[in-house]
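S.K.: Got a structure for you, written out below as structure tokens; questions coming shortly.
The values are calculated or read from the model by the stated rules, or taken from the named source; none is laboratory data. Since we're looking at a predicted model, the values are computed, not measured. Backbone-built Cβ (ideal geometry, glycine too); neighbour counts: all protein chains shown. The protein model used for the area step is the full one, side chains on, heavy atoms only, and it has no ligands, DNA or RNA in it. Shrake-Rupley method; radii C 1.70, N 1.55, O 1.52, S 1.80 Å.
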Amino acid sequence: MDILCIIPARSGSKGLPNKNIKLLDNIPLLAHSIIQAKKSKYKMKIIVSTDSEEYAKIAKKYGAEVPFLRPIYISDDLSTDLECFQHCISYLKKNEDYYPDFIVHLRPTQPKRKIEDINNSINIFINNRNNYDSLRSVYETPKNPYKMYFIENNKLIPYFYNFNNINESYNQPRQIFPTNYIHNGYIDIFNTNLLNNNTISGNNIYPYIMNKNDNIDIDSIEDWYKC
């Protein structure tokens, strides 16, 4: 079974400039995910998708492939993972005649990711991929979406007005709601053919449930110091 690991590492971070190559334990941040993938018991083709020559050089040093530089038009703040993956697969199919069975997405902002979680999640997905489109790591959160709002024109608007035919769900006790989980970005896996439908999750998502204390996602200087 062909497994492709993609590590997206663009260079234009605003919250923490050049965070993907900032040294953590004397190793560039993006290199941690490369090392983790290489230590997995599953053999994977490891590609770093970046728009930077400097980042590419570092990625290659730590054992990843960088067969292309990601175009600038899909490397800005509003660019999506979908665009990144579609570009990568299109390039590999055209230039290397390579098309993997599924893709393992490792974000460079998760340097404390455990090898056992990579192995466990891949094993689960291999055994369930005919019944699921993807796997996503999540953890339980006390924050309830049925009690959340957004503001529009200086007006507080509930995201949901009812739950199970109960009106004003935002005024109901939390005990009536199901347990809630949030995607933590620790590890995502999906069948490659999903990209043909312009999605990287699909409708059937397997939940890889984690402890919230195992998650460190670096987006800011505060996250960096916490890590």
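S.K.: Among DSSP bridges having both ends in the chain, what percentage is antiparallel? Round to the nearest 5. Please list the in-between numbers first.
M.R.: Numbers: 19 of 35 bridges.
Percentage antiparallel, nearest 5: 55.
S.K.: Let me ask something additional. Within 14 Å, Cβ to Cβ, of ASN191, how many net charges do the neighbouring residues add up to if Lys/Arg are +1 and Asp/Glu are -1?
M.R.: On the way: positive: ARG129, ARG136; negative: ASP2, ASP101, ASP133, ASP188.
Charge balance in the 14 Å sphere: -2.
S.K.: Here's a follow-up. Whole percent per 5 Å bin, from 0 to the bin with the longest distance: what is P(r) over all C-alpha pairs of the chain?
M.R.: Per 5 Å bin, starting at zero, the Cα-Cα P(r) for the chain comes out as 1, 6, 13, 16, 18, 16, 12, 8, 5, 3, 1, 0 percent.
S.K.: What net charge do the residues around THR179 carry, taking every other residue with its C-beta under 15 Å from that of THR179, with Lys and Arg at +1 and Asp and Glu at -1?
M.R.: Working: positive: LYS143, LYS147, ARG174, LYS212; negative: GLU140.
Counting the neighbours of THR179, the net charge comes to +3.
S.K.: Please state the shape class of the stretch 1-115: rounded when a/c is under 1.5, otherwise prolate if a/b exceeds b/c and oblate if not, all from the C-alpha gyration tensor. Show your work: numbers first, answer last.
M.R.: On the way: a/c = 1.73, a/b = 1.12, b/c = 1.55.
Cα axes put the stretch 1-115 in the oblate bin.
S.K.: Multiplying the sequence separation of LEU82 and ILE35 by 0.36 nm and subtracting their Cα-Cα distance, what value in nm do you get? Before the final figure, lay out each step's value.
M.R.: Details: separation 47, 0.36 × 47 = 16.92 nm, distance 2.38 nm.
Extra length available between LEU82 and ILE35 comes to 14.5 nm.
S.K.: So what is the accessible area of the chain per residue, in Å², with the probe set to 1.4 Å? Show your work: numbers first, answer last.
M.R.: On the way: 12560 Å² over 227 residues.
It amounts to 55 Å² per residue over the chain.
S.K.: Another question about this same structure. Quick one: grab the alpha carbon gyration tensor of the stretch 89-128, order the square roots of its eigenvalues as a ≥ b ≥ c, and give me rounded if a/c is under 1.5, else prolate or oblate depending on whether a/b is larger than b/c.
M.R.: Details: a/c = 4.02, a/b = 1.58, b/c = 2.55.
Because a/c hits 1.5 or more and a/b fails to exceed b/c, the stretch 89-128 counts as oblate.
S.K.: Compute the FRET efficiency between GLU140 and GLU54 as 1/(1 + (r/R0)^6), taking r as their Cβ-Cβ distance and R0 = 41 Å, and round to the nearest 0.05. Present the calculation step by step, with values, prior to reporting the outcome.
M.R.: Numbers: r = 39 Å, r/R0 = 0.95.
It comes out at approximately 0.60.
S.K.: Take ILE166, project a point 7 Å from its Cα along the Cβ direction, then tell me which residues of the stretch 130-145 have their backbone nitrogen under 20 Å from it.
M.R.: 141-145
S.K.: Between GLU116 and PHE68, how many nm apart are label points set 7 Å from Cα along the C-beta direction?
M.R.: Once both label points are built, they end up 3.8 nm from each other.
S.K.: Ignoring ligands, DNA and RNA, what percent of the 1.4 Å accessible area of the chain is carbon and sulfur? Could you put the intermediate results ahead of the total?
M.R.: Working: 5620 of 12560 Å².
Whole-percent figure for carbon plus sulfur exposure: 45.
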